[in-house]
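Heads up: the structure comes next, in structure tokens.
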Amino acid sequence: MNNTINKSTINNDTSMQAASGKVIIVGSGPAGISAALYLQRSGKVAVTVFSSGSGALEKAGKIENYYGFAEPISGKELHQQGVLNAKRLGVSFIEEEVFAVTYDDRFKPAVQTKNGTYSCDAVLLATGTSRKAPSIPGLRELEGKGVSYCAVCDAFFYTGKDVAVIGSGEYAVHEAQILAPVAASVTILTNGSPLSAELPSGIDLCTEPLSSVNGESGVSSVTLQSGDTIPVSGVFVAIGVAGSTDLARKVGAEINGSYIKVNAQMETSVPALYAAGDCTGGTLQLHKAVHEGAVAASSILRFLF
Ligand SMILES: Cc1cc2nc3c(=O)[nH]c(=O)nc-3n(C[C@H](O)[C@H](O)[C@H](O)COP(=O)(O)OP(=O)(O)OC[C@H]3O[C@@H](n4cnc5c(N)ncnc54)[C@H](O)[C@@H]3O)c2cc1C
């Protein structure tokens, strides 16, 4: 399915009738919303914000170090106000997890969700900090030696081999589907959680908790709490939703540790791809996320017009 966003579905605000570009923002936190406000008010682009689950702001209890509030405000309320403001200005919102950013042969970007591919002219990643890996003994030690965080990057290395994906949601299924055509077998390991997505045919499922990932110079197996062992040559971590670095890495953008590398204009190393907020590292606070969202918006407008 190709869900190409067209202007008429994005908004009906008269100020947007001259919009001639499409921008997709992944993340409805302070960075994403800040960028959306600047972009939308330019009148030059139609803006769509994708979100999936709560970001850091919605988890913040009381905030009292942000400008403009005489009394502390809850993160949830601040988030709601931000979204309402953007909606009032005509920004479109889609609650779908973005699995990947892609480019067509003319280098036009798009984002992929389970419902389809949404094309646009520029993408801003504002997905907050990367998701943490589970604390399974052996996992960290074997990173880069069979433990991977990116199926599309590393699937090739596991051609004809048995692999596992650790995760229990749509993202884990998506990663498993990338591996399935090349690997000998793919097992989704939910580590004790129920699988919250449909299991595609040809992919195995194990819901038992994990007690270790094993191997010396490379991954050789995983051990379940029951003591049973599943032999695998690769373990792909896909916990929760696709995190910022996962999305950036898949498209070849440079990563700095667990953050996306950007320049002062919030440009990544890939054309038409920008990043802002916690996902770029530094001070993980509201003011910085809002600032970077605004800078990214200006850069995107300069890039497009
Ligand atoms: C408990 C707690 C308390 C805090 N207290 C304060 C404080 O008092 N003051 C302060 O300044 N800062 C505080 N912070 C930090 C502040 O909340 C963050 O710096 C800020 O929210 C970062 O904004 P962001 O837009 O980069 O990311 P986030 O707010 O994390 O938003 C990320 C967004 O990305 C979306 N998303 C992620 N992955 C995907 C995907 N694959 N597809 C679609 N959408 C996706 C999420 O749905 C979410 O909308 C606190 C944080 C926490 C966790």
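The values are calculated or read from the model by the stated rules, or taken from the named source; none is laboratory data. Everything quoted here is computed from the prediction, not taken from an experiment. Reconstructed Cβ throughout: ideal geometry from the backbone, glycine too, with neighbour counts over all protein chains shown. The protein model used for the area step is the full one, side chains on, heavy atoms only, and it has no ligands, DNA or RNA in it. Shrake-Rupley method; radii C 1.70, N 1.55, O 1.52, S 1.80 Å.
Summing charges over neighbours of ASN115, with a neighbour being any other residue whose Cβ is under 15 Å away from its Cβ, gives -4 when K and R count +1 and D and E count -1. Charge tally around TYR103: other residues with Cβ under 13 Å, Lys/Arg +1 each, Asp/Glu -1 each, net 0. A Cβ-based charge dipole, computed about the Cα centre of the chain with Lys and Arg at +1 and Asp and Glu at -1, lands at about 960 debye. Considering only ILE24, ILE239, ALA296, and ranking their Cα positions along the charge dipole of the chain that arises from unit charges at the beta-carbon of Lys, Arg, Asp and Glu, the one farthest toward the positive end is ALA296.
Using a cutoff of 8 angstrom between alpha carbon atoms and counting only pairs six or more residues apart, the relative contact order for region 147-237 works out to 32 percent. Here the chain carries DSSP beta bridges of which approximately 40% are antiparallel, counting only pairs with both residues inside.
Which sequence of LEU89, LEU205, LEU273 reflects their accessible areas, 1.4 Å probe, from the largest down?
Most to least solvent-accessible, the answer reads LEU205, LEU89, LEU273.
Straight-line reach from LYS22: taking Cα to Cα under 27 Å and skipping same-chain neighbours fewer than 8 places apart, the lysines in range are LYS7, LYS44, LYS87, LYS108, LYS114, LYS250, LYS261, LYS288.
Measuring only protein heavy atoms, the 1.4 Å probe finds GLU64 accessible over about 150 Å².
Sorting GLU170, GLU71, GLU254, GLU198 on solvent-accessible area from highest to lowest, probe radius 1.4 Å, gives GLU198, GLU71, GLU254, GLU170.
What FRET efficiency, computed as 1/(1 + (r/R0)^6) with R0 = 30 Å and r the Cβ-Cβ distance, is obtained for PHE69 and ALA264, rounded to the nearest 0.05? Rounded to the nearest 0.05, the efficiency is 0.55.
Legend: helices of the chain (whole DSSP H runs) are marked when their alpha-carbon atoms reach 15 angstrom or more along the helix axis and their mean Kyte-Doolittle hydropathy is at least 0.5; marked are 286-304. Return the FRET efficiency for the residue pair LEU84, VAL182: r is the Cβ-Cβ distance, R0 is 45 Å, and the value is rounded to the nearest 0.05. Working from the Cβ atoms, E equals 0.50. Would you mind checking region 225-268 for residues with the amide N under 20 Å from a putative spin-label position 7 Å along Cα→C-beta of SER193? Only 225-226, 235-248 pass the distance filter. The charge dipole of region 93-140, taken about its Cα centre with unit charges on the Cβ atoms of Lys, Arg (+1), Asp and Glu (-1) only, comes to about 320 debye.
Computed over protein heavy atoms with a 1.4 angstrom probe, the accessible surface ordering of ARG140, ARG41, largest first, is ARG41, ARG140. Taking the inverse of the mean 1/r over every pair of distinct Cα atoms in the chain gives a Kirkwood hydrodynamic radius of 20.1 Å. Here's how it looks for SER74: its modeled amide H is under 5 Å from those of ILE63, which are all 5 or more places away or on a different chain. The separation of region 162-235 from region 240-305, counted between C-alpha centres, amounts to 30 Å. Looking at region 158-300 alone, DSSP beta bridges between its own residues are antiparallel in about 50 percent of cases.
In region 147-237, the DSSP beta bridges split such that about 35 percent are antiparallel, to the nearest 5.
Per-residue ellipticity at 222 nm from helix content only, as computed over the chain with -39500 (n - 2.57) for each DSSP H run of at least four residues, stands at -7000 deg cm²/dmol. Principal axis extents of the Cα atoms in region 147-237, from largest to smallest and rounded to whole angstrom, are 33, 29, 20.
Taking 0.36 nm per residue of sequence separation and removing the Cα-Cα distance, the LEU205/LEU284 pair yields an extension gain of 24.8 nm.
Net charge in the neighbourhood of SER51 (other residues with Cβ under 11 Å of its Cβ; Lys, Arg +1, Asp, Glu -1) is -4.
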